[in-house]
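Comments concern the structure below.
The values are calculated or read from the model by the stated rules, or taken from the named source; none is laboratory data. Just so it is clear, the structure is predicted and the values come from calculations on it, not from any experiment. Cβ placement follows ideal geometry from the backbone for every residue including glycine, while neighbour counts extend to all protein chains displayed.
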Amino acid sequence: MGRSFVVFLGAITVGGLAAQPPPGTNLEVLQLRPNFYMIAGAGGNVGFQVGMDGVVVVDSGSASSADAVVAAIKKVTAQPIRYLINTSADPDHVGGNAKIAKAGQTLFTGNGGAGLATNFLGGGASILSVEQVLTRMSGPSGKPSPYPVNAWPTESFNQPRKYMYLNGEGIEVLHQPAAHTDGDAIVFFRRSDVVVAGDVFDTRRFPVIDVAKGGGINGEIAALQKLVDTAIPSVPIVSREEGTLVVPGHGRICDQLDVVDYRDMVTIIRDRVRDLMKQGLTLEQIKAASPARGYTRRYGSDTGSWTTNDFIEAIYRSMNEKAQ
Ligand SMILES: [Zn+2]
């Protein structure tokens, strides 16, 4: 693809012209729709919807960027932040939770809203996630929690779809049960026609499949298929740069055809690994057979936190678990 969208209508740089801005303060704010924005440069991509009901934010970015993210949102609107929705429990997506929630104000002003007391957690914005995110952030019982309580989701759910209607549009939060992890959600703003995908879709590299946290290759492909099914491209008039916008967990704004390409890439590599497994090859032999060939220049890496071999191993291990 490589089409560039005309989305730079509202580019704002937070942090000014300081020669060496501290990490996370050099953010880019893109206006994708009249009432929908994306912030890049804060760890994972952050999306936010604005309107008369307040601000609904998807993901909070890294802890080190939280103040800058709050400042960027306040530069766009004076409305209070009402909701923060997390797409996973990864630190680059929930690291700013406590500060962003604290900067906001709950919609629930009386007892009974979501079962919470008026001043629960100081009355900050509500944090919504699938149940696994809360479990992971609060820690197993008896062990210290990896995050303070004011960073935890205040509302969690375990059904496939949670919905809200705020700022004049339906918002669907769709649980993807075994993709990047077991706690992923994609968030669809139906009137804005924007899907925030989280880390099931990472345009910089092969998708990170965290098998230890319940991720799996087949669930990953199912999540990508869900994105494809949710988004609509500009047909029949393909010359228009229109259609549903997909905000990946990391990387540039995409459309449905970008997700189709990415899904096909992941599926082809999964099928190659599966064929090699059927032939009885070991994991090391499969890695040596380069099942990701043709895609490594664009998505692969030999170094860093998520190498091509890590991806191949995750496919192998998650399919092995399925077989047992
Ligand atoms: Zn991420």
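Take ILE217 and decide whether it is surrounded by 21 or more Cβ atoms within 10 Å (Cβ to Cβ) and in contact with a helix residue (DSSP H, G or I) (Cβ under 6 Å, 6 or more places away or on another chain).
Working: surrounded by 21 or more Cβ atoms within 10 Å (Cβ to Cβ): yes; in contact with a helix residue (DSSP H, G or I) (Cβ under 6 Å, 6 or more places away or on another chain): yes.
Yes; evaluated as a whole, the condition is true for this residue.
Give me the helices (runs of 4 or more DSSP H) completely within the stretch 61-115, filtered to those with at least 3 residues that are modelled with pLDDT of 95 or more and closer than 24 Å to LEU174 by Cβ, ordered by residue number. Give the steps one after another, and end with the answer.
Working: elements: 66-76, 91-94, 97-103.
Of the helices (runs of 4 or more DSSP H) lying wholly inside the stretch 61-115, those with at least 3 residues that are modelled with pLDDT of 95 or more and closer than 24 Å to LEU174 by Cβ span 91-94, 97-103.
Give me the helices (runs of 4 or more DSSP H) completely within the stretch 224-324, filtered to those with at least 3 residues that are touching a residue at least 12 places away in the same chain (Cβ under 8 Å) and buried (at least 20 other Cβ atoms within 10 Å of the Cβ), ordered by residue number. So that I can check it myself, show each step before the final result.
On the way: elements: 256-278, 283-288, 296-299, 308-323.
Helices (runs of 4 or more DSSP H) meeting the threshold: 256-278, 308-323.
Specify which of the listed residues (ARG190, ARG204) is surrounded by fewer than 16 Cβ atoms within 10 Å (Cβ to Cβ) and under 14 Å from the mean Cα position of the chain (by Cα).
Working: ARG190 fails: under 14 Å from the mean Cα position of the chain (by Cα).
One residue alone meets the criteria, ARG204.
Search the stretch 129-161 for residues being in contact with a Leu (Cβ under 7 Å, 6 or more places away or on another chain) and of a type in the set (D, E, K, R), and hand back the single one that is nearest to LEU107 (Cα to Cα).
Among those residues, the one meeting the criterion is GLU155.
Of (1) more than 16 Å from the ligand (Cβ to nearest atom); (2) in contact (Cβ under 8 Å) with a residue 12 or more places away in the chain, SER145 satisfies all except one. Which?
Among (1) more than 16 Å from the ligand (Cβ to nearest atom); (2) in contact (Cβ under 8 Å) with a residue 12 or more places away in the chain, SER145 violates only (2).
Six or more apart or on different chains, Cβ under 8 Å: which pairs go from a residue in the stretch 86-105 that's closer than 15 Å to ALA71 by Cα to one that's within 10 Å of the ligand (Cβ to nearest atom) and not in a helix (DSSP H, G or I)? Could you list them?
Note: pairs meeting the criteria are GLY96/GLY43; GLY96/GLY61; GLY96/SER62.
Which of the residues that make up the stretch 135-166 are surrounded by fewer than 13 Cβ atoms within 10 Å (Cβ to Cβ), among the charged types (D, E, K, R) and touching a His at 6+ places or on another chain (Cβ under 9 Å)?
Within the stretch 135-166, just ARG161 meets the criteria.
Counting only residues that are among the polar types (S, T, N, Q), in contact with a helix residue (DSSP H, G or I) (Cβ under 7 Å, 6 or more places away or on another chain) and modelled with pLDDT of 90 or more, which one in the stretch 127-160 is nearest to ASP53 (Cα to Cα)?
Pass one, the stretch 127-160, residues among the polar types (S, T, N, Q): 129, 132, 135, 138, 141, 145, 150, 154, 156, 158-159.
After this cut, where a residue has to be in contact with a helix residue (DSSP H, G or I) (Cβ under 7 Å, 6 or more places away or on another chain) as well, the list is 145, 150, 154, 156, 158.
Still in the running and modelled with pLDDT of 90 or more: 150, 154, 156, 158.
Numbers: ASN150: 23, THR154: 19, SER156: 21, ASN158: 26 Å.
Once the filter is applied, the top-ranked residue is THR154.
Could you tell me whether any residue of the stretch 2-13 is touching a helix residue (DSSP H, G or I) at 6+ places or on another chain (Cβ under 7 Å) and either assigned to a helix (DSSP H, G or I) or at pLDDT below 95 (or both)? Don't jump to the end; show me each part of the working.
Restricting attention to the stretch 2-13, the residues satisfying the condition of being touching a helix residue (DSSP H, G or I) at 6+ places or on another chain (Cβ under 7 Å) are 12.
Within this subset, residues satisfying the condition of being either assigned to a helix (DSSP H, G or I) or at pLDDT below 95 (or both) are 12.
Yes: the stretch 2-13 contains one or more residues that are touching a helix residue (DSSP H, G or I) at 6+ places or on another chain (Cβ under 7 Å) and either assigned to a helix (DSSP H, G or I) or at pLDDT below 95 (or both).
Out of ILE232, ILE268, ILE209, I need the residue that is away from the ligand (no atom under 16 Å from the Cβ) and either closer than 27 Å to SER290 by Cα or among the small types (Gly, Ala, Ser) (or both). Which one? I'd like the intermediate steps shown before the answer.
Values: ILE232 fails: either closer than 27 Å to SER290 by Cα or among the small types (Gly, Ala, Ser) (or both); ILE209 fails: away from the ligand (no atom under 16 Å from the Cβ).
Result of the check over ILE232, ILE268, ILE209: ILE268.
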